1. Looking only at segment 107-120, how many residues end up being over 16 Å from I42 (Cβ atoms) and open to solvent by less than 60 Å² (accessible area, probe 1.4 Å)?
2. Consider segment 1-45. How many of its residues are at pLDDT below 95 and either touching a Gly at 6+ places or on another chain (Cβ under 8 Å) or of a type in the set (F, W, Y) (or both)?
3. Does L81 fit the bill of being open to solvent by less than 50 Å² (accessible area, probe 1.4 Å), touching a Leu at 6+ places or on another chain (Cβ under 9 Å), without any contact (Cβ under 8 Å) to a residue 40 or more places away in the chain and not charged (D, E, K, R)?
4. Is it true that Y104 is at pLDDT 95 or above and open to solvent by 40 Å² or more (accessible area, probe 1.4 Å)?
5. Within segment 237-245, does at least one residue satisfy the condition of being more than 30 Å from H57 (Cβ to Cβ) and modelled with pLDDT under 95?
6. Just to be sure I understand, how many residues within segment 63-73 are open to solvent by 30 Å² or more (accessible area, probe 1.4 Å) and either of a type outside the set (K, R) or under 12 Å from V167 (Cα atoms) (or both)?
7. Would you pick out the residues in segment 198-222 that are surrounded by 12 or more Cβ atoms within 10 Å (Cβ to Cβ) and modelled with pLDDT under 70?
Amino acid sequence: MKVRQPDFDFADVDPIWADDVAAVHGINAQGIVPAYIEPFLIKVMRRAKAELDPVEHAGLVRDIDVFNKQEAQHFKFHAALNRCVREHGYEGMADYERSYEAEYDEMLARRPLKWLLAYCEGFESMGLAAAPMFVDGGLEASLPGADPRVLALWKWHLAEEYEHRTVAFRVLKALYGRNALEFYVLRVSGFLHATRHIGRNVAALQQYLMANAPRAGVAPTSRWQTVLAMRGRLRGFGHVLSPFYDPARVPPPVHLAEVLRSV
């Protein structure tokens, strides 16, 4: 794990950065997630770090610090891309962003650390399941001619999600994993909460973006691309629901090292 500092510039990116409007706005809607969940993750992991034994868990504490610095880079660039989308015809997107951010603020104020960590690990397992599709070129294959800056952002981000895939899992296990059955129930419940909550917010924003798209129409392949992408993610999610799931055992995307070297 290492902290990287890319120099993406999205100032002149077209909000519809590829020909397939539905696919682009599906990904634009997903961009709301890292912009707000990752500051939330950092705050939760800081709370968790304070509960760990600095001697017994010295290595994990160091990994939390790198994890948080990586996540800070992620949300900074996704927020910049979101701003470009919002300021070029989608001003109403701000309402969805404020609502989503407020939900995380409420979680931090009302939920115990155990629940928060389980939610965070649920999100991290979602990112791990999606990593191969982005890192290994599935996005390029589905969207030929897409703006390479947007593709590079998502590839780098998901490559680092794979790289730090074990951190939230290990923190959750260190603090609440003494009983294997209770840990499994906690982890899966966090995953289910995260998928439902994130999915609801992404779907609402995607509906808004599509309703306000200046260029109407959906490429004929969009529906099938969406189905194939969902099938791939569901296969990854199936591993998450196993009582034997451990992110450390998940094999890397084929082009992981190449993507990480390119940043």
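1. 2
2. Count: 7.
3. It is false that L81 is open to solvent by less than 50 Å² (accessible area, probe 1.4 Å), touching a Leu at 6+ places or on another chain (Cβ under 9 Å), without any contact (Cβ under 8 Å) to a residue 40 or more places away in the chain and not charged (D, E, K, R).
4. No: the conditions fail for Y104.
5. Within segment 237-245, one or more residues are more than 30 Å from H57 (Cβ to Cβ) and modelled with pLDDT under 95.
6. 4
7. Result: V218, A219, T221, S222.
Here is a yes/no grid of residues against (1) free of Cβ contacts under 8 Å to residues at least 60 places away in the same chain; (2) touching a Cys at 6+ places or on another chain (Cβ under 9 Å); (3) open to solvent by less than 40 Å² (accessible area, probe 1.4 Å):
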site	(1), (2), (3)
Q5	no, no, no
E38	yes, no, yes
V44	no, yes, yes
V55	yes, no, no
V61	yes, no, yes
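The values are calculated or read from the model by the stated rules, or taken from the named source; none is laboratory data. Everything numeric here is computed off the predicted structure, so don't read it as measured data. Note that each Cβ is placed from the backbone with ideal geometry, even for glycine, and that neighbours are counted across all protein chains shown. Side chains are part of the model used for accessible areas, which takes the heavy atoms of the whole protein and leaves out ligands, DNA and RNA. Shrake-Rupley method; radii C 1.70, N 1.55, O 1.52, S 1.80 Å.
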